[in-house]
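After the C-alpha cells below, expect a handful of questions from me.
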Amino acid sequence: MTSSGEPVPPPPGGVLWSLAGDVRGLLMLPAALTLQVAHPAVGAGVDDHSVFRTDPWGRGERSLSSLQLWVYGGEAAAEEGRRLRRLHRTIQGTDTRGRRYHALTPANYAWVHATGFPVYQHASRYLVRPLTEAQERALYREWLQVGRVLGIHDRDMPQTIEEFWPYYRTMLADEVEATVVVRELVATDASVPPPDRGPLPLRLLLRALWPVLLPPLARFRSFITIGLMPPEARAAIGLDWTPEQERRLRRFCAVVRRVVPVLPERLRYLPLARSARAEWRARGGRPGRGAVHPG
C-alpha cells in the first residue's frame with residue numbers, strides 16, 4: 001500500500017514486468033480469458049452482458065489496455081481497478097447451474113483474477129522459458145498485488161503458492177465447464193467481424209480479404225487458446241488436444257522464442273509497457289534478480 005492507502009502495482013523490473021508487456025503475452029491472453037469464462041457464473045455474466053460478440057475488437061482492446069494499467073500504470077492502476085468494479089456493479093443474473101450470481105461476488109471476481117497465474121506460469125515454458133521456483137514465487141506475489149489493485153481482499157485470495165494450487169485444483173474439479181462462451185472462444189467457425197481499428201486503408205483491405213483471412217485466423221486462435229491452457233484446465237473443461245497438436249505448438253513456440261528477443265524494443269513491447277520501461281530505466285532502474293530474461 002502507498003502512504004495514502006492505495007494498492008501498488010507489481011514492482012518495476014519484476015517477473016510481471018518481464019511478461020505482461022512483451023508481445024508474447026498476447027498469445028497467452030486467450031487461454032486465460034477462456035479459463036475465466038469456464039466458471040459458470042463468469043461465463044453467464046459474459047454471455048448475458050458483454051459486447052464480445054458485437055464489438056470483439058473494441059472489447060479486446062479495452063481488456064488489454066486495462067491489463068497493462070494493472071502492471072505498468074503506476075498511480076493510475078488503482079483507479080483502473082475502481083473503474084472496473086464500478087463497471088461490474090450491475091452485472092448479475094442466473095448461471096448455467098441455476099444459481100444466482102453477481103460479478104463482484106468475491107469468489108467469482110477472485111477466479112477471474114486467479115486464472116492469470118497458472119496461464120503465465122504454464123505458457124512461459126513454451127514462449128519464453130520455464131520459470132525457476134524463485135520466479136514462480138515472485139510471480140505469485142506480484143499477481144497478489146494485481147488482485148489488490150482490482151479491489152480483491154487478501155482473505156479472498158490464496159496468500160501463498162502452496163495455498164493456491166489446492167484452491168485451483170478444487171475449482172477445476174467442482175466449477176469449470178465448457179460454457180457457451182468457452183465453446184464460442186475455441187470454435188473454428190465463429191463469425192467474427194473484420195477489424196474496425198487502425199488506418200482506413202488497412203481496414204478497407206481487411207474487410208475485402210476477411211472471407212479468406214477469417215478461417216485460418218479462427219483455427220489459429222482456437223489452436224493457441226487450447227494449446228497454451230494448462231493441461232489440467234484443458235482436461236477439466238473437456239477440450240480435446242492431440243499429440244500432433246502438441247508437436248505443432250512446440251515447433252511454433254520454438255520459432256517465437258527465437259524471433260521475439262531479437263526484435264527492436266518498439267516491436268517487442270506494447271506501448272504502455274515500453275514507455276514505462278523507458279521511464280524506469282531513465283531513473284536508473286535495472287531488472288530484478290527474479291526478472292524473466294529474453295529467451
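The values are calculated or read from the model by the stated rules, or taken from the named source; none is laboratory data. Keep in mind it's a predicted model, so treat the numbers as computed, not measured. Note: ideal-geometry Cβ built from the backbone for every residue, glycine included; neighbour counts use all protein chains shown. These area figures cover heavy atoms from the full protein model, side chains too; ligands, DNA and RNA do not enter into them. Shrake-Rupley method; radii C 1.70, N 1.55, O 1.52, S 1.80 Å.
Ignoring ligands, DNA and RNA, what accessible area per residue does the stretch 10-98 give at 1.4 Å, in Å²?
Details: 3600 Å² over 89 residues.
Spelled out: the 1.4 Å probe surface of the stretch 10-98, per residue, equals 40 Å².
What does the extension gain come out to for residue 180 and residue 100, with contour length at 0.36 nm per residue minus their alpha carbon separation? Intermediate results must be reported in sequence, preceding the final value.
Numbers: separation 80, 0.36 × 80 = 28.80 nm, distance 1.74 nm.
Between residue 180 and residue 100, full extension yields an extra 27.1 nm.
What is the magnitude of the charge dipole of the chain about its Cα centre, with +1 placed on the Cβ of each Lys and Arg, -1 on the Cβ of each Asp and Glu, and no other charges, expressed in debye to the nearest 20?
Numbers: 40 positive and 29 negative charges, 203 e Å.
Dipole of the chain, to the nearest 20 debye: 980 debye.
Applying 1/(1 + (r/R0)^6) with R0 = 51 Å to the Cβ-Cβ distance of residue 208 and residue 162, what FRET efficiency is obtained, to the nearest 0.05? Could the numbers behind the result be given before it?
Working: r = 54 Å, r/R0 = 1.06.
Result of the calculation: an efficiency of 0.40.
Shifting gears a bit: What number comes out for the charge environment of residue 30, summing +1 per Lys or Arg and -1 per Asp or Glu over other residues with Cβ under 15 Å away?
Numbers: positive: 24, 59, 183, 219, 221, 234; negative: 61, 184.
Net charge around residue 30: +4.
Can you work out the base-10 log of I(q)/I(0) for the stretch 72-153 at q = 0.10, 0.11, 0.18, 0.24 1/Å, using the Debye formula on its C-alpha atoms alone?
Taken in order of the listed q values, log10 I(q)/I(0) reads -0.33, -0.39, -0.87, -1.12.
Over all pairs of distinct alpha carbons, what does the Kirkwood formula give as the hydrodynamic radius of the stretch 151-289, in Å?
19.3 Å
Could you work out [θ]222 nm for the chain from helices alone, using -39500 (n - 2.57) per DSSP H run of at least four and dividing by all its residues? Round to the nearest 500 deg cm²/dmol. Write out the running numbers ahead of the final one.
Details: 15 runs with 185 residues, N = 295.
Computed mean residue ellipticity for the chain: -19500 deg cm²/dmol.
Considering only protein heavy atoms and a 1.4 Å probe, what is the carbon-and-sulfur percentage of the accessible area of the chain? Don't jump to the answer; show the numbers that get you there.
Working: 8660 of 14710 Å².
The nonpolar share, carbon plus sulfur, comes to 59 percent.
Output the peptides 215-224, 134-143, 262-271, 32-41 sorted from most to least packed, where packing is the average of other Cβ atoms within 10 Å over each peptide's residues. Kindly include the intermediate steps, with their values, before the conclusion.
Numbers: 215-224: 15.2, 134-143: 19.7, 262-271: 12.5, 32-41: 25.3.
Highest to lowest by the protection proxy: 32-41, 134-143, 215-224, 262-271.
A further question on this structure: Any chance you could get the radius of gyration and Dmax over the Cα atoms of the stretch 1-72, in Å?
Answer for the stretch 1-72, Rg first and Dmax second: 14.7, 42 Å.
Let me ask you something else. Of all the C-alpha pairs in the stretch 1-139, what % are more than 21 Å from each other? Present the calculation step by step, with values, prior to reporting the outcome.
Working: 4567 of 9591 pairs.
Percent of Cα pairs beyond 21 Å in the stretch 1-139: 48.
I would also like to ask the following. How fast does the stretch 83-225 diffuse by Stokes-Einstein, in µm²/s, taking the Kirkwood radius from C-alpha pairs at 25 °C and 0.890 mPa s?
Approximately 134 µm²/s, per Stokes-Einstein.
Give me the three principal axis extents of the chain from the C-alpha atoms, as integers in angstrom, largest value leading.
50, 47, 40
Next up: What is the projected area of the convex hull of the Cα atoms of the stretch 191-240, averaged over all directions, in nm²?
Working: hull surface 17.4 nm².
Its average projected convex-hull area is 4.4 nm².
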